[in-house]
């Protein structure tokens, strides 16, 4: 597969290591009251869609950026890729 | 010699070859198959199950029968298609799958037992009596399995791989592919044209159609001259594009020197990974045959192949041939062979309305219903309106229609679509992205159709990526529609073969239907039809047409099986990419590697690293002797060990401390500048992940160490935390594992030794206490880092210098420390020392253990959030009773085996009574006994008790005393001296 | 000056060099390297007057060179200065950045062609999955080479650099040597 790296253009998937569901970016607050429940969900529960999936790829043999790649798991069509850092910052309420 | 006139062979040269020990000759341009036919050899092999005599059926890569063992010795290659083996001088080939000679195969007795080998027989036989399986049936089946045999000698050849990028990949160099490549190359696009054959032209070389009223070869030669001059076009002959992968990535194998007697300096084959923006699939079509009784006699072949042999290879399989056809195409063979002086016994056409296209006997509305001639066709039975008679012929060309080669178009699970008008499966609409199909592969099989569709496909493909291409002037060519009828097989009682290679007959298809193996994927696996090395290229469509008939369904309703790469077989050697032996994967050497080698060290693989395992001295006869000496010397004087391989990550930034607080379970932000702290990392699920040290060199500068094995994963994990979890923190990371040579200096004389190399820096116990760190210089000005940390439990340090000085530093320390007993030690002694001290390492952090089990439960801070902290407090984790203990055999002569499981004495040993396991073990020269570390249920409360260490695989059951894991210096006094 | 003798990445006292027809491969043992990473909120630095390039790029100036290695991160090269504390010098020039010594983290091989770009392009095709069409002079990227991670820099039409893990120097040399020797034989 070819991953459309937002800064470097199309790169072969062989340069990357795959992690999984991009929901891993949204780590719960470990000091909160309900941490036990929220962490159980975070560590163990996953949607496993046959279709469009947002997932984390690490450009290990490249620039070592983590990317959030939107990929259709049934056709392997890749609809887009962003720097995970940008996705994470946006989720936390804007770039810093 | 049945050699005809013309052909693309070079008669000025003779090539000698042998087949089954007999000598023959042929010409450059011949394949082994054409040369054998030219020498009147029709018997080329024995079939898989029934060992029936077989001859060549095709002239291409779809060949099911003529599989030989090519070459001898280490290069012997089984299952080589004689149709693809280019003839060279000195070629040696042998037939396979026979006991005795090809003409007198003893295993032909299988043919008599054929009712027992019907479809699915292995699901129904070899089951009783049960005891016979291991000793009789399985060995028998293994012996009978497969076709050819392997030499078991190492492959002496080199293989290579490479990467290509293009705008347009044209797969197939026949009429359509040539037109496409010409169109695209002239437009300035970057083009790759690949064909599996050693010549370009495809079926243009097999037919007698003219282009602009001249031989097709003239046009091909002109194109090749133009191609040679175009720098943007890469022509790859002998190259099979075997698979269509994601996003325009295609795999191809270039057979660089398969056609030579030996490769010489060249590689044998190259694996190419081609990334193409657009693709034109011009893979042509494969002919199908028509099953009838005994249709597998040597001499019965595809009619199109008979034409290829006559026109391209100037050979006829016999002096008198017949044709069996269900359409106009078979008549072409009669015309072409007649034109070369071959006698036509007759054309048997299934269509009652068929007309002869030349002066040969025609049997319209008739079928071939039987064939005689076990070792070579002698006669054929022709049946019409219930009446039969026999005619003599030495070969029969069978024309059942043509199947477009839709394989690569279907590699992304696309399904081809049945076209009733052309009686063929055409590529569907769900093609791999970026692919266009042209020529016979798209059902445009006339010469004009192929040329035009090829050029048009190139224009369309390039247009989609913004390159404008013009249609070239294409030569005038025939465009005759080929009438045909839907006639799939001749019904009858005797066996009629569908899949020649796996010996599957129409009867087998019927049996599958009877046994309710009806869906085509079941039909395939039940009968093994289409599962041989040819993947049923000449059989699949016929089989499903027969199944459709039997079930009363239509062909499209019956459907096709899934097409998967590779299109034709790919050698494992070329898939390996070229490097074998020591270079199979990268090797990482430490900075002191050459020095250690010069000291006679024995090395061990630790992942990709080579590490010195131990340093034998003269007179030492066993590794244990050496290791014992190294261990004793370190605790008595000072030992030196290269520990560069442990991962080092440089962590900087205003929020570096806060970041480390979040990835370590224990507190790290509170670490003072100039100090080092042990650090434990957890996985988010609460298990122990990795451990190491964290040194604070400055306010905003830390160095984190990891275990050797986890260096890569931990770095990835840290980048994940930095970029994905806490991108708002100001922290930067970079690996420095290789940058610094790091040497452990351990033992009571360690400080004295270091004082001799450190440049005027106070490393007294007060000036540089336990767990201190500093940047300083050594050996007259070389920048270095010193860490007072201990894995061995002794007074110990780790000294780091830029890697290029590592070897020199090691040598210097051995030299200046000679009187202090300076002793190099390797990974074995390193392991003994840390086990004696009770330090956890990789074996104890195997992913199944927790901080609590390691005795570090309190280290997991509750005052801050860190990765894994929350989940480490789960009920099940907290309720875990197994803790780290030391173990010593009650009888010191007994071994301690890591991996042994622990049980109470007298307990039945099973999962429910399992109390834990031994993680690490070694011989301790200090205790003169084997010792081990392990996890034991309620271990802390069982110190002094005896448990059993069970190793049932090797029949061991050893009584162990539970002791403290700190075998040596349990108070830790030496560390702080 | 220390009296400890340095060793090259390939384990010798002299840098290795070998020719394969039009291609010459030489170990660049005197190349200093320092990684420079931008900190939060800081402006992009111009260390010692060297402008730092964007993604996929390399350029030289003032006796040094720099190539982009990641968002906010660059590698600074200083030919001939491996014996110095080059990272220290860079840190002095850009004190607000995170600077890390990398000289001995890597082995650098310089590849020169005596026949223009063609041999360089042929070599690239055998080694790495980089589309040479988009990799003209001034390009730099990190990619995979025989299961290893390397930086590849197109210093000029006829010059290439391959920079990889120092510990794997032998494996990298073997890969370069094998590919170059085969091309020579073709």
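Since every read-out is calculated from the coordinates, none of them should be taken as a lab result. Not measured: the values here are computed from a predicted model. Ideal geometry is used to build each Cβ from the backbone, glycine not excepted, and the neighbour counts take in all protein chains shown.
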Enter the per residue convex hull volume of the protein assembly as shown, computed from alpha-carbon coordinates, in Å³ rounded to the nearest integer.
205
When you take every Cα atom in segment C:17-185, what is the radius of gyration, and what is Dmax, the widest Cα pair distance, in Å?
15.9, 54
Averaged over residues of C:62-74, the number of beta carbons from other chains lying within 10 Å of each residue's Cβ is 3
Rounded to a whole number, the mean other protein chain Cβ count within 10 angstrom for residues of A:61-71 is 5
Report, in cubic angstrom per residue, the convex hull volume of the C-alpha atoms of segment B:529-677.
329
Normalised by the number of residues in segment A:2-91, what is the relative contact order in percent for Cα pairs under 8 Å and 6+ residues apart?
28
Once the Cα atoms of helix B:329-339 and of chain B are each reduced to a long axis, what angle between those two axes, in degrees from 0 to 90 to the nearest 10, is obtained?
70
Part-to-part distance (alpha-carbon centres) for segment B:642-679 and segment B:4-34, which is given in Å
73
Can you pull the mean other chain C-beta count within 10 Å for peptide B:711-723?
4
Give, as ranges by residue number, the residues of segment B:715-734 whose backbone N falls under 20 Å from the point 7 Å along Cα→Cβ of residue A:90.
B:720-729
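Work out, in µm²/s and without decimals, the Stokes-Einstein translational diffusion coefficient of chain B at 25 °C, 0.890 mPa s, Rh from Kirkwood over C-alpha pairs.
Taking Rh from Cα pairs, D becomes 73 µm²/s.
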Counting only DSSP beta bridges with both residues in chain B, tell me the antiparallel percent, nearest 5.
70
Can you give me the angle between helix C:117-127 and the longest principal axis of chain C, using Cα atoms only, in degrees from 0 to 90, rounded to the nearest 10?
90
Folded to 0 to 90 degrees: helix B:623-636 orientation relative to chain B principal axis, Cα:
30
Which whole-number percent is the relative contact order of segment C:17-185 (Cα, under 8 Å, 6+ apart)?
24
Among B:597-605, B:707-715, B:795-803, how do they line up from the highest to the lowest mean number of other beta-carbon atoms within 10 Å?
B:795-803, B:707-715, B:597-605
Any idea what Rg and Dmax come out to for segment B:833-954 if you just take the C-alpha atoms, in Å?
15.4, 49
At residue C:60 and residue C:14, where each label point lies 7 Å from the Cα along Cα→Cβ, what is the point-to-point distance in nanometres?
2.4
Fewest to most neighbouring Cβ within 10 Å: what's the order for B:763, A:25, C:163?
B:763, A:25, C:163
Ascending count of other beta-carbon atoms within 10 Å, so fewest first, for B:465, B:931, B:92
B:465, B:92, B:931
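On average, how much area does the Cα convex hull of segment A:2-91 cover when viewed from any direction, in nm²?
Values: hull surface 25.4 nm².
That works out to 6.4 nm², a quarter of the Cα hull's surface.
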Where does each of B:553, B:524, B:355 land when they are ranked from fewest to most other beta-carbon atoms within 10 angstrom?
B:355, B:553, B:524
Taking only C-alpha pairs under 8 Å that are 6+ residues apart, what is the relative contact order of chain B in percent?
9
